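The values are calculated or read from the model by the stated rules, or taken from the named source; none is laboratory data. What you see is a predicted model; the values in this text were computed from it and never measured. Here the Cβ positions follow ideal geometry from the backbone for every residue, glycine too, while neighbour counts run over all protein chains shown. Each accessible area value is taken on the protein alone, full model and side chains, heavy atoms only, with ligands, DNA and RNA left out. Shrake-Rupley method; radii C 1.70, N 1.55, O 1.52, S 1.80 Å.
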Amino acid sequence: MERMEAEGETIDQAIEDALKKLGTTRDRVTVEILAEARKGVFGIGGRKARVRASLRNAVMMEEPDDPIEPVPKKALPEKEVAAVREKGKEILGEIVRLIGVQATIEAKPGDTPEEILLDIHGDNGGLLIGRRGQTLEALQYILARVVCEKQGIDGVQLVVDTENYLERRKKTLEDMALRLGEKAKRKRTTVTVDSLSARDRRIVHLALEDDPWLTTSSLGNGTYRRLLIIPEGDRKKKKQEEKPAPNVKSSKG
């Protein structure tokens, strides 16, 4: 058996039940959260937590929705990147003007050769940022649909920013992730973070990926999903300690 669904009063209990049925340990499976536990009123309307655990070496295992490792791809021609950069600047400038904001657009290199950062310089950054950066994300989405011929990871990636918002948001999310991670470990219970975009979820994943006591998982469908920070006890740490040490040959002088 390569996959198992299980229920429990909590997500942690559901995971433990799935592991028992599969006869394996937590480090050997990928866990998908299907539903969180919900208390009813006078015993009516409640439900148990439900998870699906899949063995990591199973052929049928699904890829995670928020991959941490970058996907290898071929470098795009500089001519294509330059064309998207100029068109992106022009159209974003026009959109901002129609919104009623006086601003200029500066194009900068992104984190990868295929990524272009379009930085908006103006006097009304708050209007362009929106709640939790949702207006910036909307601008970025519209721009990608209009400008980029190739969508997704195969094409040029346009990123929209203003007033260094993306870096400030990243720092806030990293601090939050570390704080909630400590809470999850201290209370030995799963902590839920509501309504995060794919970019925000990735930041939290990366902030906690090296913690041997925690794992993270997304819950729900659509652009904005909840993110779960799950305490692992000492299972990960024990697994690392069980790995055989590399052979070191000593020489006698």
Quickly run through the stretch 190-219 and pick out the residues that are among the aliphatic types (A, V, I, L, M), within 8 Å of the chain's Cα centre (by Cα) and closer than 12 Å to Leu178 by Cα. Ile203, Val204, Leu206
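Of Ala177, Ala184, Ala207, which residue is touching an Asp or Glu at 6+ places or on another chain (Cβ under 6 Å), modelled with pLDDT of 90 or more and outside any loop (DSSP other than H, G, I, E, B)?
Numbers: Ala177 fails: touching an Asp or Glu at 6+ places or on another chain (Cβ under 6 Å); Ala184 fails: touching an Asp or Glu at 6+ places or on another chain (Cβ under 6 Å).
Being touching an Asp or Glu at 6+ places or on another chain (Cβ under 6 Å), modelled with pLDDT of 90 or more and outside any loop (DSSP other than H, G, I, E, B) holds for just one of Ala177, Ala184, Ala207, which is Ala207.
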Residues satisfying the stated conditions in the stretch 75-107, i.e. touching a strand residue (DSSP E or B) at 6+ places or on another chain (Cβ under 7 Å) and open to solvent by 70 Å² or more (accessible area, probe 1.4 Å): Gln102, Thr104, Glu106
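Can Ile120 be described as at pLDDT 90 or above, out of contact with any His (no Cβ under 9 Å at 6 or more places or on another chain), in a strand (DSSP E or B) and more than 16 Å from Gln157 (Cβ to Cβ)?
On the way: at pLDDT 90 or above: yes; out of contact with any His (no Cβ under 9 Å at 6 or more places or on another chain): yes; in a strand (DSSP E or B): yes; more than 16 Å from Gln157 (Cβ to Cβ): yes.
Yes: the conditions hold for Ile120.
Out of all the residues in the stretch 128-141, which are in a helix (DSSP H, G or I) and either touching a helix residue (DSSP H, G or I) at 6+ places or on another chain (Cβ under 7 Å) or of a type in the set (S, T, N, Q) (or both)? If you could, list the steps in order and put the result at the bottom.
Going residue by residue through the stretch 128-141, those that are in a helix (DSSP H, G or I) are 128-129, 131-141.
The answer is Leu128, Ile129, Gly133, Gln134, Thr135, Leu136, Leu139, Gln140.
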Taking the stretch 210-253 and keeping only residues that are open to solvent by 70 Å² or more (accessible area, probe 1.4 Å), basic (Lys, Arg) and modelled with pLDDT under 65, one is left with Arg235, Lys237, Lys238, Lys239, Lys243, Lys249, Lys252
Give the stretch 127-156 a look and list any residue that's within 19 Å of the chain's Cα centre (by Cα), open to solvent by less than 60 Å² (accessible area, probe 1.4 Å) and modelled with pLDDT under 85, or say none. Gly152
